[in-house]
Amino acid sequence: ERLSLIGEMADSLAHDLRTPVQVLLSSVDVIRMNHSDAETVACCQRMELQCDRLVTITGDLLEFSRGETKLHLERTDTGALIQQFIAFNEDAFRPVGVTFSVEDEPAEIEVDTMRLRRVLQNLVSNAVQTLNSRPGGRIDVRAWVADSILYLSVRDNGAGIPAGIKDRIFDPFVTHGKTGGTGLGLAIASKVVAAHRGKITF
């Protein structure tokens, strides 16, 4: 029942977001036409990425509530995937006082880049909230390919996952110690990884 309600809300939200997102994108086009300097162009690109992200997030919720994950595979490489993830999130993660380490071993991959960025975003967001700006907080993100398998690793030096929820960590609505947590981030991440014929572990 809760998933069904989320599906109805996501459907309504996707419909309601369409007009303001289109207005934002049109405004970005006008700015870019009148200001061609590198800084403005880069800002416009970031705004477009975030608008795409808004639409994708509601789509993810809608698909999740229906028990499906449709992939849009494209050829890319590990470096591009990680750099896009950083571009999407650096403004959000910069002020939290956590040291980030990002590393990739160059390799070609075929993945749904938008959805894998979302997986990384969910994992890193959880790590950031767990560390809670504590002194010495550190998060390491790594991507590499071995035997034609893409590996993504997110590590932090926080307290770890509580024993009481370890068996249910990827189930919907399971959350712990986060203000306003919905318990859907890891459940959606798990669905995306499974759709790529992969597995997620900790």
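The values are calculated or read from the model by the stated rules, or taken from the named source; none is laboratory data. Because the structure is predicted, anything quoted here is derived from the model rather than measured. With ideal geometry, Cβ positions are generated from the backbone for all residues, glycine too; neighbour counts draw on all protein chains shown. Keep in mind that these areas ignore ligands, DNA and RNA; they rest on the heavy atoms of the full protein, side chains included. Shrake-Rupley method; radii C 1.70, N 1.55, O 1.52, S 1.80 Å.
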May I ask you to list the residues in region 125-160 that are surrounded by 15 or more Cβ atoms within 10 Å (Cβ to Cβ) and aliphatic (A, V, I, L, M)? 127, 128, 131, 139, 141, 143, 145, 150, 152, 154
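So is residue 71 touching a residue at least 12 places away in the same chain (Cβ under 8 Å) and either part of a helix (DSSP H, G or I) or over 30 Å from residue 193 (Cβ atoms) (or both) or not?
Considered against the rule, which asks whether it is touching a residue at least 12 places away in the same chain (Cβ under 8 Å) and either part of a helix (DSSP H, G or I) or over 30 Å from residue 193 (Cβ atoms) (or both), residue 71 comes out as no.
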Residue tally, condition under 11 Å from residue 77 (Cα atoms) and assigned to a strand (DSSP E or B), over region 98-115: 5
Somewhere in region 97-107, is a residue over 19 Å from residue 59 (Cβ atoms) and polar (S, T, N, Q)? yes
State whether one or more residues within region 162-184 are over 23 Å from residue 49 (Cα atoms), open to solvent by 50 Å² or more (accessible area, probe 1.4 Å), among the acidic types (Asp, Glu) and without any contact (Cβ under 8 Å) to a residue 40 or more places away in the chain. yes
Which of the residues that make up region 31-62 are closer than 27 Å to residue 15 by Cβ, at pLDDT 90 or above and of a type in the set (Val, Ile, Thr)? 31
Which pairs have Cβ atoms under 8 Å, sit 6 or more apart or on different chains, and link a residue in region 78-96 that is in contact (Cβ under 8 Å) with a residue 60 or more places away in the chain to one that is crowded, with 17+ Cβ neighbours inside 10 Å and β-branched (Val, Ile, Thr)? 78/109; 81/109; 81/111; 81/113; 82/141
Pick from region 87-124 the residues that are out of contact with any helix residue (DSSP H, G or I) (no Cβ under 9 Å at 6 or more places or on another chain) and either at pLDDT 85 or above or open to solvent by less than 60 Å² (accessible area, probe 1.4 Å) (or both): which of them is nearest to residue 196 (Cα to Cα)? 110
